[in-house]
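What follows is a set of notes on a single structure, which appears directly below.
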Amino acid sequence: MVYVAAVLLLMVNAFAWLTTFITLPGNWILLLCTVLYAYFLPAGYFPRVSWTVVIVIAVLAVIGEIVEFLAGAAGAAKQGGSRWGVFLSLVGAFIGSLAGAILLSFIPILGTMIGALLGGALGAFGGAWLGEHNTEKSHEERMAIGQGAFIGRILGTVGKLIVGVIMLVLVTLDSFFDLKTEPIPEQVSTEAEVSYLVNVKSNVVESSPTSADSSVESIDM
């Protein structure tokens, strides 16, 4: 039964990881599902996800956000983009990733992933370029800002996806193989009881002939 639950956790977490392509917080959804699994799985079920692994993937989720933010926002900002341009690049990335995923959805799995990644990057480019429309920047400067947003979006998404894969692998291994093995007191207690009963039985068997001889001697007297 526990392995069925582990397989379901793997499927849900894999889907959560895929949502990163469309700019949703996939790593955080993965973390939330893992926390719920670790908390609600009955105490007697092993293997299970340890809280040590939960803490590790929580730290990784934070690292993934930092990577995405630094790469995505800095892409346009380094080229002199305004705050409005950076904001529109984020909005464009979200819209573009959804559109790209839908347009290439006729290619199973891989098409959706590539479409979301490229669509998000193109959306970031368009948003950053549009955000500088009413500024005094030249066309070349606006193009450079858009290119920075394009590259930053791709690097940020890929970095966050890599962190998500590490999280997914850690949780899956722990749910199937117990990376942090925890003692099972019930099993130790049962073995001790069995050993005690065997010793008692042996003592009874060994003492039986002596008791019988004593009874015979008493009758003779």
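The values are calculated or read from the model by the stated rules, or taken from the named source; none is laboratory data. Since the structure is predicted, the reported quantities are computational estimates derived from the model, not experimental observations. Cβ atoms come from the backbone with ideal geometry, glycine included; neighbour counts cover every protein chain shown. Ligands, DNA and RNA are stripped out before the accessible areas are found, and what is left, the full protein with its side chains, is counted by its heavy atoms. Shrake-Rupley method; radii C 1.70, N 1.55, O 1.52, S 1.80 Å.
Odds and ends about this structure:
- Leu104 vs. criteria open to solvent by 40 Å² or more (accessible area, probe 1.4 Å) and modelled with pLDDT under 90: no
- For the residues Thr34, Thr52, the requirement of being open to solvent by less than 30 Å² (accessible area, probe 1.4 Å) and either part of a helix (DSSP H, G or I) or small (Gly, Ala, Ser) (or both) singles out Thr34.
- Condition met for Tyr45 (over 26 Å from Leu155 (Cα atoms), open to solvent by 60 Å² or more (accessible area, probe 1.4 Å) and in a helix (DSSP H, G or I)): no
- Some residue of the range 7-16 being in contact (Cβ under 8 Å) with a residue 12 or more places away in the chain, on the phi > 0 side of the Ramachandran plot and open to solvent by less than 60 Å² (accessible area, probe 1.4 Å): no
- Breaking point among (1) without any contact (Cβ under 8 Å) to a residue 60 or more places away in the chain; (2) over 22 Å from Leu30 (Cβ atoms); (3) open to solvent by 70 Å² or more (accessible area, probe 1.4 Å); (4) of a type outside the set (Asp, Glu), for Gln79: (1)
- Of all residues in the range 1-24 being in contact with a helix residue (DSSP H, G or I) (Cβ under 9 Å, 6 or more places away or on another chain) and assigned to a loop (DSSP other than H, G, I, E, B), the one that is farthest from Ala124 (Cα to Cα): Leu24
- Residues of the range 113-139 classified as at pLDDT 90 or above and either open to solvent by 50 Å² or more (accessible area, probe 1.4 Å) or acidic (Asp, Glu) (or both), total: 6
- Within this structure, Ile57 passes the test of being part of a helix (DSSP H, G or I) and closer than 18 Å to Met11 by Cβ.
Quick grid of which residues meet (1) of a type in the set (Val, Ile, Thr); (2) at pLDDT 95 or above; (3) over 30 Å from Ser138 (Cβ atoms):
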residue: Tyr3; (1), (2), (3): no, no, yes
residue: Asn27; (1), (2), (3): no, yes, yes
residue: Ala61; (1), (2), (3): no, yes, yes
residue: Phe69; (1), (2), (3): no, no, no
residue: Ala74; (1), (2), (3): no, no, no
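- The single condition among (1) surrounded by fewer than 15 Cβ atoms within 10 Å (Cβ to Cβ); (2) over 24 Å from Ile162 (Cβ atoms); (3) not aliphatic (A, V, I, L, M) that Phe87 does not meet is (1).
- Screening the range 133-156 for residues that are β-branched (Val, Ile, Thr) and in a helix (DSSP H, G or I) and picking the one that is nearest to the chain's Cα centre (by Cα) gives Ile154.
- The residue that is farthest from Gly146 (Cα to Cα), counting only those in the range 90-101 that are open to solvent by less than 80 Å² (accessible area, probe 1.4 Å) and touching a residue at least 60 places away in the same chain (Cβ under 8 Å), is Ala101.
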